[in-house]
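K.L.:
Please see the structure below; I have some questions.
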Amino acid sequence: MFIGALRSLPYAAAAVLALGALAALRVAVASYRGERSDFIRWPPSEISLHPERTLIAGLVEVDVARLGEPRLAAWYVPSRNTAAVVLVHGTGADRSSLLAETRLLAAGGFGVLPIDLPGQGQSEGRSYWGVPERRAIIAAVEWLRDRPEVDGSRIGGFGLSMGAYVLTQAAVLCADLRALTLAACPTDVVEQNWLSSSRWGLLSQLPTYWALRASGMPLDMMPKDVIGKIAPRAVFIIGGEADRAVRPAMTTQLHAAAGSPKELWIVPHAHHGDYAQVVPEEYAFRLLDFYRRRLLA
């Protein structure tokens, strides 16, 4: 019946319908693939393969996995003030995406441990943005706790985007994380993906959601639901005024759900995680000041 009706249409109208259907299919496929790309391994960056090019004094390549577990690759800069910070990257990235934070914290005397999450960079495993990532962060904290130059009560964490998402979850499970910076952190990954894929309405939103469910990612421990359990440990929540992936309203929602002590900074004119480029001096000051007050005081 449909074929017969189509044949009765003028050729121009049929061509328009066919092109429209093709365009809709392309949007749906691109949306699905875009979300699935968050769960595939991205090759290590060039600087990640050549850490000497960072020009950070003392930086070395380490494996922080628990004994007998898959490799968990990281850089480490030894602490000069007894405190240390684990750095957790987001999707489509490895530890080198946090080079600016690594550099400024190391210059401030902190031990710095940027890790490659499972299934990313040079770490083994597969990405789920859930249980394996939480375990990796906790393993990194345990590795720092065993370092002779680190005081085990002075370990903090920094997470960007989905790195902040899993860092929030890990902090609920690991009391040794004493102070957290959560930058561009989604409060709810389903809500965040629904909003960020809204350009073409349901045509792009539904395939994105299907890809998220097909990934095997656990949809428990949403940051907005669990961040309150981190208190009385301190959290510093950062967002960008122009961030279209994690919008300011989501950042303020996360801050409202957190217990005290908590701090909030919506960076004027900043997009998703580009604070070191937009306001480099203020960003460096605020980040160092937070960890000095919360880990060294």
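K.L.:
Two decimals is fine: what's Rg over Rh for region 144-208, C-alpha atoms, Kirkwood radius as Rh? It would help to have the intermediate numbers written out before the result.
P.N.:
On the way: Rg = 16.7 Å, Rh = 13.7 Å.
We get a ratio of 1.22 for region 144-208.
K.L.:
Still on this model: Rounded, prolate or oblate: pick one for region 46-192, where a ≥ b ≥ c are the square roots of the eigenvalues of its C-alpha gyration tensor, a/c under 1.5 means rounded, and failing that, prolate if a/b is larger than b/c, else oblate.
P.N.:
Working: a/c = 1.37, a/b = 1.22, b/c = 1.12.
Rounded is the answer for region 46-192, as its axis ratio a/c remains below 1.5.
K.L.:
Name the residue, out of Arg154, Arg145, Arg33, whose mean-square fluctuation peaks in a Gaussian network model built on the chain with Cα pairs under 10 Å.
P.N.:
Largest GNM mean-square fluctuation: Arg33.
K.L.:
Here is a further query. Taking 8 Å as the Cα distance limit and 6 or more residues as the minimum spacing, I'd like the relative contact order of region 96-215 as a percentage. Show your work: numbers first, answer last.
P.N.:
Details: 124 pairs, mean separation 18.9, N = 120.
That works out to 16 percent.
K.L.:
Would you work out if region 154-290 is rounded, prolate or oblate? Take a ≥ b ≥ c from the square roots of the eigenvalues of the alpha-carbon gyration tensor; rounded if a/c is under 1.5, else prolate when a/b is larger than b/c, oblate otherwise. Walk me through the numbers on the way to the answer.
P.N.:
On the way: a/c = 2.23, a/b = 1.31, b/c = 1.71.
Here region 154-290 falls in the oblate category.
K.L.:
Just to check I understand the Karplus step: with θ = phi - 60° and J = 6.51 cos²θ - 1.76 cosθ + 1.60, what whole-Hz values come out for region 161-174, glycine and proline as x?
P.N.:
6, 5, x, 5, 4, 6, 5, 4, 5, 4, 5, 5, 8, 10
K.L.:
Amide H to amide H, which residues 5 or more places from Ala74 or on other chains are under 5 Å from it, using H placed in the peptide plane?
P.N.:
Excluding prolines and chain starts, which carry no amide H, the hits are Val62, Val64, Asp116.
K.L.:
Between Phe285 and Arg80, what's the calculated FRET efficiency when r is the beta-carbon distance and R0 is 22 Å? Round to 0.05.
P.N.:
On the way: r = 19 Å, r/R0 = 0.86.
For Phe285 and Arg80, the calculated efficiency is 0.70.
K.L.:
Another question, if that's okay. For region 240-297, just say rounded, prolate or oblate: build the C-alpha gyration tensor, square-root its eigenvalues into a ≥ b ≥ c, call rounded for a/c under 1.5, and beyond that prolate if a/b exceeds b/c, oblate if not.
P.N.:
Numbers: a/c = 3.25, a/b = 1.18, b/c = 2.75.
Because a/c hits 1.5 or more and a/b fails to exceed b/c, region 240-297 counts as oblate.
K.L.:
Please report the Cα spread of the chain along all three principal axes, rounded to whole Å, starting with the longest.
P.N.:
Here the spans come out as 81, 39, 33 Å, largest first.
K.L.:
Contact order normalised by length for region 30-178, with contacts defined as Cα pairs under 8 Å and 6 or more residues apart; what percent is it?
P.N.:
Over region 30-178, the number comes to 26 percent.
K.L.:
Let me ask you something else. How do 84-90, 272-278 rank on mean C-beta neighbours within 10 Å, highest first? Mind showing how you got there, number by number?
P.N.:
Working: 84-90: 27.9, 272-278: 18.7.
The densest-packed peptide leads the list: 84-90, 272-278.
K.L.:
Place a label point 7 angstrom from the Cα of Gln277 along the Cα-to-Cβ direction, then list the residues of region 140-161 whose backbone nitrogen is under 18 Å away.
P.N.:
160-161
K.L.:
Using a 10 Å cut-off on Cβ atoms, rank the peptides 168-181, 64-77 from the highest mean neighbour count down. Intermediate results must be reported in sequence, preceding the final value.
P.N.:
Working: 168-181: 22.1, 64-77: 18.4.
Those peptides, ordered most packed to least, come out 168-181, 64-77.
K.L.:
Counting only C-alpha contacts under 8 Å and six or more residues apart, can you give the relative contact order of the chain as a whole percent? It would help to have the intermediate numbers written out before the result.
P.N.:
On the way: 593 pairs, mean separation 47.2, N = 297.
Worked out over the chain, it gives 16 percent.
K.L.:
Where is the GNM fluctuation largest for the chain (alpha-carbon springs, 10 angstrom cutoff): Ile137, Ile40, Ile227?
P.N.:
Ile40
K.L.:
At 10 °C and 1.306 mPa s, grab the translational diffusion coefficient of region 26-104 from Stokes-Einstein with a Kirkwood Rh over Cα pairs, rounded to a whole number in µm² per second. Walk me through the intermediate numbers first.
P.N.:
Values: Rh = 14.8 Å.
For these conditions, the coefficient is 107 µm²/s.
K.L.:
How large is the helix-only mean residue ellipticity at 222 nm for the chain, computed as the sum of -39500 (n - 2.57) over DSSP H runs with n ≥ 4, divided by its residue count, in deg cm²/dmol to the nearest 500? Working shown, then result.
P.N.:
Values: 12 runs with 124 residues, N = 297.
After summing the helix terms and dividing by the residues of the chain, the value is -12500 deg cm²/dmol.
Rule-based calculations on the coordinates, nothing more; no lab input. For clarity, every value in this text was computed on a predicted model and none was experimentally measured. Please note: Cβ atoms are built from the backbone with ideal geometry, for glycine as well, and neighbour counts cover all protein chains shown.
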